[in-house]
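The values are calculated or read from the model by the stated rules, or taken from the named source; none is laboratory data. Bear in mind that the values here come from a model prediction, so they are computed numbers and not experimental data. Cβ placement follows ideal geometry from the backbone for every residue including glycine, while neighbour counts extend to all protein chains displayed. Side chains included, ligands, DNA and RNA excluded: accessible areas come from the protein's heavy atoms. Shrake-Rupley method; radii C 1.70, N 1.55, O 1.52, S 1.80 Å.
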Amino acid sequence: MKILVINPGSTSTKMAVYEDEKPVLLRNISHTAEELSHFDAITEQQDFRRQLILDELKRSNIPLQFDAVIGRGGLVRPIAGGVYEINQKMLDDTLHGCVMHNHACNLGCLIAHEIACSIPGCRSFIADPGVVDELSPLARISGSPLMPRICIWHALNQRAIARRYAQEIGKKYEDLNLIICHLGGGISVAAHDHGRAVDANNALDGEGPFSPERAGSLPAADLIRLCFSGKYTEKQLLKRIAGKAGLTAHLGTNNMREILERIKKGDKQAQLIVDAMLYHTAKQIASESAVLCGKIDAILLTGGMAHSDYIVSELRRRIGFLAPVYIFPGEDEMGALAVNALLVLQGKQETMIYE
């Protein structure tokens, strides 16, 4: 089976071609700020990014012949986990504003569907978008009925890592209780109860630990006062939640290699801020143990920051008493998307219907 994988990000578009599970092309197409400045809305970038993908396929002498095109899922309304065949309802919701955030990942389904429609017999999918919502009824309730809890998290990578770990130990994901922490530009922590993420934080919008780019949970009353202080616009404050927050706000960069090098050279302020981030991350992981009533088969750490011995060792020190800790550094979203599409094409997994 030939599968085209498309993963749009804020400043790049990742693309890959797979033959079954084997990658035959992997590309990361970067976009400059000047290139993207011509577009008022992210959805207006659809034709621009699609053409770059088609040009790359042509340069690589890969014919436009695929059994499926799968895109990174967008931030549409909350849905259950799984693989979704892209339908008109999903396209309409993405194009006409029924999305939780104006993020580049929303282009995934649009571009995947458009390319697939130009290829006879080709199907288009998304899988496990960041708005996968399997929260328990208790997890949805906050202290205000005006603001029920929602989750925006690294569902695709977390579920892929969960299945990989289960396979490695000869079990099924659905047989395990896991706490998984994705350590990236945002930090998401989820309690996986026998194949369902029954609790997860809103890692984009202001919940949980702060991260290289995001503020995490903030003092609510202070935030309200800041909103009415007249010092910032709504757009500026939203950037202080996601984008120009976390390590970026404290240390002036989100580059973890640079920050860890500063710590190595004796930068006490950098160490204080990073240690605080890990402190709050460990607290979030520990809180999920209560969700699972202490019955935890393993804690899995994944994402880019899991490459760092400093970060992993500090988290192990604080959470190792809860359960065995295993490390899966980085993320393989492209491979995870390809495998999801392949399972559907092989008849091993049913598609979900977006309604």
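Observations on the model:
- Test: C105 is closer than 22 Å to R49 by Cβ, at pLDDT 95 or above and not in a loop (DSSP other than H, G, I, E, B): no
- Members of the stretch 218-257 that are charged (D, E, K, R), at pLDDT below 95 and part of a loop (DSSP other than H, G, I, E, B): K244
- Within the stretch 95-112, the residues that satisfy the criterion of being touching a helix residue (DSSP H, G or I) at 6+ places or on another chain (Cβ under 8 Å) and open to solvent by less than 10 Å² (accessible area, probe 1.4 Å) are A104, N106, L107, C109, L110, I111.
- Check on I150, open to solvent by less than 70 Å² (accessible area, probe 1.4 Å), part of a strand (DSSP E or B) and touching a residue at least 12 places away in the same chain (Cβ under 8 Å): no
- The residue pairs whose first member lies in the stretch 2-21 and is among the acidic types (D, E), whose second member is in a strand (DSSP E or B), and whose beta carbons are closer than 7 Å, counting only pairs six or more residues apart or on different chains, are E19/K2.
Residues are listed down the side, and each one gets a yes or a no for (1) basic (K, R); (2) within 27 Å of Q346 (Cα to Cα); (3) out of contact with any strand residue (DSSP E or B) (no Cβ under 7 Å at 6 or more places or on another chain):
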{"site": "G9", "(1), (2), (3)": "no, no, yes"}
{"site": "K14", "(1), (2), (3)": "yes, yes, no"}
{"site": "D47", "(1), (2), (3)": "no, no, yes"}
{"site": "L57", "(1), (2), (3)": "no, yes, yes"}
{"site": "N61", "(1), (2), (3)": "no, yes, yes"}
{"site": "G73", "(1), (2), (3)": "no, yes, no"}
{"site": "I86", "(1), (2), (3)": "no, yes, no"}
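- When residues of the stretch 250-259 are limited to those that are in contact with a helix residue (DSSP H, G or I) (Cβ under 7 Å, 6 or more places away or on another chain) and open to solvent by 30 Å² or more (accessible area, probe 1.4 Å), the one farthest from E213 (Cα to Cα): H250
- Qualifying position, being on the phi < 0 side of the Ramachandran plot and within 18 Å of the chain's Cα centre (by Cα), among A249, A166, A190: A190
- Residue ID - surrounded by the fewest Cβ atoms within 10 Å (Cβ to Cβ), chosen from residues in the stretch 177-205 that are touching a helix residue (DSSP H, G or I) at 6+ places or on another chain (Cβ under 6 Å) and farther than 23 Å from I311 by Cα: H194
- Per-region count, the stretch 308-355, residues under 27 Å from D128 (Cα atoms) and touching a Ser or Thr at 6+ places or on another chain (Cβ under 6 Å): 2
- Checked against the criterion of being open to solvent by less than 60 Å² (accessible area, probe 1.4 Å), out of contact with any Lys or Arg (no Cβ under 6 Å at 6 or more places or on another chain) and part of a strand (DSSP E or B), the candidates I53, I29, I115, I62 yield just one match: I29.
- Considering R214, R225, the condition of being of a type in the set (K, R) and free of Cβ contacts under 8 Å to residues at least 12 places away in the same chain is satisfied by R225 alone.
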